[in-house]
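What follows is a short report on a single structure.
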Ligand SMILES: [Fe+2]
C-alpha cells in the first residue's frame, strides 16, 4: 500500500509539472502594449497556435511563483480570435506565368486582456491562466511618476531580415536586464513584410526575445507602417490590442511631462486625423507638457525616399506647436536632421530623427539633401536602435548599432513652454 501511495503522489507531481509546462507552451509571445496611459493602463496580448481555448490573466504587485500561484487580481480576455490572413489568390508574374495560391499558414490566435487602475512606477507580476494551469510568471514596470528620468528605445522597420530582428531583440533584452531605467520600446512601424501569419508569427516570436531571462517584459508602443496593410487588414490591430482604436492614432502620455503623439501615415481619413493632431497638440500646449514628441512611419524629411504625403498638412502644425522631436521610420537608414522651421535650418526648429534599422535592409542616405548636412545633422546606415534618455533637463539621444557601437548622439534642451 505504501508503495502504491508513493506512486500516486509521484504521478500527481508529474501531472502538476506537465500542466504547468503545457500552460507555458500554450500561451506564446506574451507582450505588454502601451497606448494612451502607460502610467495606469496596459494591454496584455498573447498568442496560441491551433487552439482558441479561453484563458485569462492573473496579476499582482508581488511575485507569486510559489506552489499556490494565488495572484490578487484577475483580468478576463476582452477579445480573442484568429489572425486573419488576406485571401490567398493565384498570382500572375510579369512574364505571364501564374503562381498558384500558397498553402494557408497554420492557425494562430490572439488573446487580449486589459489592465487598468495601475500605479505609476510600479512592478506588476502576471501570468496567463489556462484550463491546464497557470503559466510562466512575467513582470513589467508601469511608466514612472512625473519627473523621474527614464530611457525609451526607438526602433522601426523590423521586416525582411528576421535573423537581424532577432539579434537586435536579444541585444535589447541584455540592455533591459542591465539598465532598470529602460521603460519601453517605441516601434516606428513595418513589423513584418505583409499582414500574413507566415510573416507576423516570426516577428512576434522575434519580439518576445526582448524579454529577459528573468521574465521582464519590454512594453511596446506601436506605430502603424505601410506594410501593415492598415486600411483593409486587421493583423496589426489584433496583434497589439487596437492601440488608438480603429484609426490607429493616439496621444501617449508617458508621464504628465512627456507626451508622444502617435500618428498613422496610412490612415484612410486624413482630415479626421489632422483634427485630432491639432486638438492633441492644443491640449499639450495648454497643459504646458515639457517634452512634446510625435511619431509616425513615413518620413516628412526623408534621407532616402520622397516626403510622405502628410508633409504639407503636418509640418506647419508641428512648427506652430513647437514640437521637440519628430520620430520617423520607413527609409531604412540612420538620420538626424538639422532643426527645421519654414523649410530652412533654424535654431528653434523641429529635429526629425530615425528611419528604421530593426531588421530591414539598409539603404544609402542621399547626403546631398540640405537638412542632413552640417554639424547639427547625421546620416548613415546600419542595423540599429535609437536610445532616448529623457530627464527634466534634457533628452540625450544616441544611435546604437547592432554591434554596440554608438555612431551618433546629441543633447536636446527643453523649450520654454
Ligand atoms: Fe515602410
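Output the residue which, of all residues in the stretch 81-98 that are assigned to a loop (DSSP other than H, G, I, E, B) and surrounded by 12 or more Cβ atoms within 10 Å (Cβ to Cβ), is nearest to the chain's Cα centre (by Cα).
Looking at the filtered set, the residue picked out is 83.
So if I check each of 278, 270, 285, which one is over 29 Å from residue 192 (Cα atoms) and touching a helix residue (DSSP H, G or I) at 6+ places or on another chain (Cβ under 9 Å)?
The conditions single out 278.
Would you confirm whether any residue within the stretch 344-351 is under 23 Å from the mean Cα position of the chain (by Cα) and buried (at least 17 other Cβ atoms within 10 Å of the Cβ)?
Scanning the stretch 344-351, I find at least one residue that is under 23 Å from the mean Cα position of the chain (by Cα) and buried (at least 17 other Cβ atoms within 10 Å of the Cβ), so the answer is yes.
Scan the stretch 70-98 residue by residue and report those that are modelled with pLDDT of 95 or more and touching a strand residue (DSSP E or B) at 6+ places or on another chain (Cβ under 6 Å).
Matches in the stretch 70-98: 71, 72, 73, 74, 75, 76, 77, 78, 79, 80, 82, 83.
Could you please give the count of residues in the stretch 225-240 that are buried (at least 22 other Cβ atoms within 10 Å of the Cβ) and more than 16 Å from the ligand (Cβ to nearest atom)?
Counting residues in the stretch 225-240 that are buried (at least 22 other Cβ atoms within 10 Å of the Cβ) and more than 16 Å from the ligand (Cβ to nearest atom) gives 3.
Residues are listed down the side, and each one gets a yes or a no for (1) in contact (Cβ under 8 Å) with a residue 12 or more places away in the chain; (2) assigned by TED's automatic domain parsing to the domain that holds residue 202; (3) touching a strand residue (DSSP E or B) at 6+ places or on another chain (Cβ under 7 Å):
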site	(1), (2), (3)
300	yes, yes, yes
304	yes, yes, no
308	yes, yes, no
340	yes, yes, yes
359	yes, yes, no
375	no, yes, no
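Report yes if some residue within the stretch 149-169 is within 15 Å of the ligand (Cβ to nearest atom), assigned to a helix (DSSP H, G or I) and within 22 Å of residue 333 (Cα to Cα); otherwise report no.
Yes, the stretch 149-169 contains a residue that is within 15 Å of the ligand (Cβ to nearest atom), assigned to a helix (DSSP H, G or I) and within 22 Å of residue 333 (Cα to Cα).
What do you reckon, is residue 16 at pLDDT below 85 and either in the same structural domain as residue 254 (by TED's automatic domain parsing) or touching a strand residue (DSSP E or B) at 6+ places or on another chain (Cβ under 9 Å) (or both)?
Criteria met by residue 16.
Looking only at the stretch 206-224, decide whether some residue is crowded, with 22+ Cβ neighbours inside 10 Å, farther than 16 Å from residue 325 by Cβ and within 16 Å of the ligand (Cβ to nearest atom).
Yes, some residue in the stretch 206-224 is crowded, with 22+ Cβ neighbours inside 10 Å, farther than 16 Å from residue 325 by Cβ and within 16 Å of the ligand (Cβ to nearest atom).
Tell me, please, whether a residue that is within 16 Å of the ligand (Cβ to nearest atom) and closer than 19 Å to residue 184 by Cα can be found in the stretch 359-372.
Yes, the conditions are met somewhere in the stretch 359-372.
Answer yes if at least one residue in the stretch 326-347 is within 13 Å of the ligand (Cβ to nearest atom), in contact with a helix residue (DSSP H, G or I) (Cβ under 6 Å, 6 or more places away or on another chain) and in a loop (DSSP other than H, G, I, E, B), and no otherwise.
no
Restricting attention to the stretch 116-141, which residues are out of contact with any strand residue (DSSP E or B) (no Cβ under 7 Å at 6 or more places or on another chain), buried (at least 17 other Cβ atoms within 10 Å of the Cβ) and farther than 18 Å from residue 27 by Cα?
Listed by number, the list holds a single entry, 120.
Residue by residue through the stretch 283-315, note down the ones that are surrounded by fewer than 17 Cβ atoms within 10 Å (Cβ to Cβ), under 21 Å from residue 268 (Cα atoms) and more than 16 Å from the ligand (Cβ to nearest atom).
312, 313, listed by residue number.
Every residue in the stretch 364-390 that is in a helix (DSSP H, G or I) and surrounded by fewer than 20 Cβ atoms within 10 Å (Cβ to Cβ), please.
Across the stretch 364-390, the qualifying residue is only 370.
Could you please find all residues in the stretch 45-76 being surrounded by 15 or more Cβ atoms within 10 Å (Cβ to Cβ) and not in a strand (DSSP E or B)?
Within the stretch 45-76, 55, 64, 69, 71 meet the criteria.
The values are calculated or read from the model by the stated rules, or taken from the named source; none is laboratory data. Please read all numbers here as calculations on a predicted model, not as lab measurements. Note that each Cβ is placed from the backbone with ideal geometry, even for glycine, and that neighbours are counted across all protein chains shown.
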